[in-house]
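**Student:** Please see the structure below; I have some questions.
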Ligand SMILES: NC(=O)c1ccc[n+]([C@@H]2O[C@H](COP(=O)([O-])OP(=O)(O)OC[C@H]3O[C@@H](n4cnc5c(N)ncnc54)[C@H](O)[C@@H]3O)[C@@H](O)[C@H]2O)c1
């Protein structure tokens with residue numbers, strides 16, 4: 001089957017598709033009518049986040065049967081239009097869980113040990129040994145909101161840091177048996193008891209603004225919030241007020257309600273560490289996403305063409 005590839009893709013993923021007998025057509029960066037034209041004769045499209053698979057593109061590409069996005073989120077695919085045209089759409093949600101979990105600890109330790117300002121000071125020639133006293137993670141309680149793929153990877157790493165781990169995930173049908181050592185709770189009981197609150201749930205109408213003024217007020221004033229999920233899950237105005245007033249000690253943010261956030265007041269606070277949505281930005285995550293996408297494409301095409 002002819003597979004159009006329009007975004008940069010890991011070489012191993014392309015090799016796997018070729019060895020499964022598929023023909024790859026590579027047109028990087030095409031959009032709109034140009035994308036539709038490139039799709040002529042192609043039953044499959046392999047993308048990352050940059051290619052926009054709009055209703056118009058889907059209308060102009062009658063041969064297309066499946067779109068696979070290497071990565072999470074499907075914001076770049078018009079899912080309703082794909083459904084209406086019976087085009088299958090898949091992503092690779094598992095590929096970046098480890099990378100996001102590692103970033104959580106990177107951010108958390110950087111926040112707790114003042115790594116960013118301490119390093120900047122030293123590079124300017126200032127040896128500020130006494131100024132940057134930090135805090136250990138050991139013995140502290142981590143609360144996870146959302147106990148899916150990423151939440152569980154975070155839990156495993158928190159255990160290695162000798163943290164107590166609690167988690168709330170009301171939508172989980174059954175608690176994974178290998179995580180009996182994680183204390184299960186609900187958000188209401190979790191909030192006042194955790195030193196670190198880390199968010200690992202999707203942004204949905206139900207979770208938008210889930211952590212607002214009321215929730216932040218229920219947390220300990222020396223607690224910190226880590227958000228490597230989606231910006232909209234936290235009410236940024238409420239977070240800003242809590243951090244400014246001392247109702248919350250700090251925040252580590254990889255995601256923002258609007259990205260890029262521009263000159264956001266949260267970014268001016270010394271008790272905030274922030275990264276530009278880097279959770280999945282590792283070579284390993286990209287490679288895993290490519291391979292997972294290739295496997296999904298191979299399976300789906302086998303079913304479609306059977
Ligand atoms: N920073 C990044 O680069 C990056 C990368 C990948 C994913 N993410 C974000 O991380 C989120 C989690 O990813 P995942 O792979 O673990 O997803 P997942 O689907 O495996 O897990 C999400 C969990 O959240 C739970 N959940 C839903 N609503 C909830 C609520 N109101 N309270 C508590 N739990 C709730 C679900 O039941 C599910 O178990 C994604 O939705 C995405 O927004 C961020």
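The values are calculated or read from the model by the stated rules, or taken from the named source; none is laboratory data. Bear in mind that the values here come from a model prediction, so they are computed numbers and not experimental data. FYI the Cβ positions are ideal-geometry reconstructions off the backbone, even for glycines, and counts take in every protein chain you see.
**Student:** Yes or no: residue 85 touching a helix residue (DSSP H, G or I) at 6+ places or on another chain (Cβ under 9 Å), in contact (Cβ under 8 Å) with a residue 60 or more places away in the chain and farther than 30 Å from residue 200 by Cα?
**Tutor:** no
**Student:** Further, regarding this structure: Among the residues of region 209-248, which ones are within 22 Å of residue 275 (Cβ to Cβ) and in a helix (DSSP H, G or I)?
**Tutor:** 216, 231, 232, 233, 236, 237, 238, 239, 240, 242, 243, 244
**Student:** Would you say residue 74 is buried (at least 21 other Cβ atoms within 10 Å of the Cβ) and in contact (Cβ under 8 Å) with a residue 12 or more places away in the chain?
**Tutor:** no
**Student:** Now for a separate question. Would you mind stating whether residue 73 is closer than 24 Å to residue 286 by Cβ and touching a strand residue (DSSP E or B) at 6+ places or on another chain (Cβ under 9 Å)?
**Tutor:** Yes; evaluated as a whole, the condition is true for this residue.
**Student:** Now, a different point. Quick one: how many residues across region 78-92 are surrounded by 17 or more Cβ atoms within 10 Å (Cβ to Cβ) and within 16 Å of the ligand (Cβ to nearest atom)?
**Tutor:** Residues that pass the stated criteria total 3.
**Student:** Now, a different point. Could you say whether any residue in region 131-146 is under 29 Å from residue 72 (Cβ atoms), assigned to a helix (DSSP H, G or I) and modelled with pLDDT of 95 or more?
**Tutor:** No, region 131-146 contains no residue that is under 29 Å from residue 72 (Cβ atoms), assigned to a helix (DSSP H, G or I) and modelled with pLDDT of 95 or more.
**Student:** Taking region 171-220, which residues are within 11 Å of the ligand (Cβ to nearest atom), out of contact with any strand residue (DSSP E or B) (no Cβ under 7 Å at 6 or more places or on another chain), free of Cβ contacts under 8 Å to residues at least 40 places away in the same chain and closer than 17 Å to residue 150 by Cβ?
**Tutor:** If the condition is that a residue be within 11 Å of the ligand (Cβ to nearest atom), out of contact with any strand residue (DSSP E or B) (no Cβ under 7 Å at 6 or more places or on another chain), free of Cβ contacts under 8 Å to residues at least 40 places away in the same chain and closer than 17 Å to residue 150 by Cβ, then 171, 172, 176, 203, 204, 207 are the ones that fit.
**Student:** Then there is this: Out of 59, 16, 69, which single residue is buried (at least 18 other Cβ atoms within 10 Å of the Cβ) and under 15 Å from residue 88 (Cα atoms)?
**Tutor:** Going through 59, 16, 69 in turn, the sole match is 69.
**Student:** Is it the case that region 123-130 has a residue that's assigned to a loop (DSSP other than H, G, I, E, B) and in contact (Cβ under 8 Å) with a residue 24 or more places away in the chain?
**Tutor:** No, region 123-130 contains no residue that is assigned to a loop (DSSP other than H, G, I, E, B) and in contact (Cβ under 8 Å) with a residue 24 or more places away in the chain.
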